[in-house]
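Following: one structure in structure tokens, then a few remarks.
The values are calculated or read from the model by the stated rules, or taken from the named source; none is laboratory data. All values reported here derive from a predicted model rather than from experimental measurement. We place every Cβ from the backbone using ideal geometry, glycine too, and count neighbours over all the protein chains shown.
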Amino acid sequence: MNKKHIMVFGAHALDAELMAGPVIAKYTKQGHRGTIVHITRGERGNPKKSPEIYGKQIEEEMVKVADGLGAKAYWMGYPAGNIPSLEKVQFDICKLIREEKPDVVITHWRGSLHPRHILTHDAVVEAVKMAANESIKMDVEPYKVPHLYFGENCEDLNGFIPQIYVDIEDTFEQWIDALKNYELFRGDVLSVPYEDYYKTMAKIRGIEIGQKLSKAFMVAPHVQDMLD
């Protein structure tokens, strides 16, 4: 089997898994590789815990969630609220892409209400371009990502158009069970009904395509044209 590598970039812990968790599980079950990349941990998001304590907790949670999906977790090392310049983030992601050589990259759609989601979108899109650019020199050879997709996130729906549907009936429960390793997903941090929302959205996307449960993704033609 020709093993593929799917890599998903999220702004905060939980973002990437919400966008593509069941698809990661679907492909790792088939023997492919999955990597979940967190730009930040989102450690400032718990009003009951200090960022230091909550950040360490999230680092443990992200590994458990990734294990539950058959993937590996990777944190870029940026503290929440202290992300370096966009150029630095792009360079670091470019280097990671060249090192890991993913066949599929997934990240946020840009139509978001969250500034860090927009930053992540911009950084990943540019990093994918940079990774293939032979004039950009670093200690890793250039690499051209074959496919770049944008996942569906409840905070990134402005202009999101579902174009690619993946049947997730076989990994849906595995996905939800893995996500419950996050205190945030369980509803113990904020009152956002993540589980209800994403269960409902999976059913709605399934109805649209004639499946029971589905996950939707978007392709940006101007970006994919550059990759082809």
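Some points to look at:
- Among residues of the range 2-45, those that are surrounded by fewer than 21 Cβ atoms within 10 Å (Cβ to Cβ), on the phi > 0 side of the Ramachandran plot and either out of contact with any Lys or Arg (no Cβ under 7 Å at 6 or more places or on another chain) or in a helix (DSSP H, G or I) (or both), counted: 0
- Restricting the range 46-55 to residues that are of a type in the set (D, E, K, R) and under 18 Å from R186 (Cα atoms) leaves a set whose member that is surrounded by the fewest Cβ atoms within 10 Å (Cβ to Cβ) is K48.
- Tabulated pairs, the range 177-196, first under 16 Å from G68 (Cα atoms), second loosely packed, with under 13 Cβ neighbours inside 10 Å and of a type outside the set (G, A, S), C-beta under 8 angstrom, 6+ apart or interchain: K180/R186
- Restricting R110, R98 to those that are among the charged types (D, E, K, R), in a loop (DSSP other than H, G, I, E, B), more than 13 Å from V8 (Cα to Cα) and in contact with an Asp or Glu (Cβ under 9 Å, 6 or more places away or on another chain) reduces the list to R110.
- Residue match in the range 53-69 (condition: among the small types (G, A, S), under 25 Å from V145 (Cα atoms) and modelled with pLDDT of 95 or more): yes
- Filtering the range 152-162 for residues that are part of a strand (DSSP E or B) and either in contact with a Cys (Cβ under 7 Å, 6 or more places away or on another chain) or under 17 Å from I24 (Cβ atoms) (or both) leaves an empty set.
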